[in-house]
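Data first, discussion second: the structure below is written as structure tokens.
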Amino acid sequence: KLKGLLQWMSDLLSSWIFYGSDPTENDSVEGLRPNARGPGLVTFGPDRVAEFCKRNKLQLIIRAHECVMDGFERFAHGQLITLFSATNYCGTANNAGAILVVGRGLVIVPKLIHPLPPPVNSPESSPERAMDATWMQELNIQRPPTPTRGRPHSAGDRNSLAYI
């Protein structure tokens, strides 16, 4: 019974670390590494995603809570997708958002949501709105938002939009 309890606690801890942490920069960085976002958090490589999926009989993990510039990003050879639906995060990121549409046969298709600039003569461009924007910028200076994840750089990167 003790072995079972220890395994359960180990799985629970692994899940918690996995939940509050982020994927590594790309599929070539494996294992667990310290995460700059905070103590107790890690970055995890594609090997950890594959192991987690195999152990839990999953084909795909969809995660959120990290701004990615194109609204979604694939990782671990497609076994993990980061999804972020908010456009122009904190009024400063100018990122796209995305949703995932699940079709027949569980085919998943991402749909991008592009940020729109406010019309010239709208309440969004009024002096009051400018004050709100200034207030938000001041708040961001005091407590900066979570940094956005940059776009993949490699032309052959299977995480890029071209491979979805």
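Put a dot 7 Å past the Cα of Ala36, heading toward its Cβ, do the same for Gln59, and the two dots end up 3.6 nm apart. Put simply, when 42-48, 102-108 are sorted by average Cβ atoms within 10 angstrom per residue, most first, you get 42-48, 102-108.
Just so you know, all these numbers are worked out from the coordinates, no wet-lab data involved. Here the structure is a predicted model, which is why all the values come from computation and not from measurement. So basically every Cβ, Gly included, is an ideal-geometry build from the backbone, and we count neighbours across all protein chains shown.
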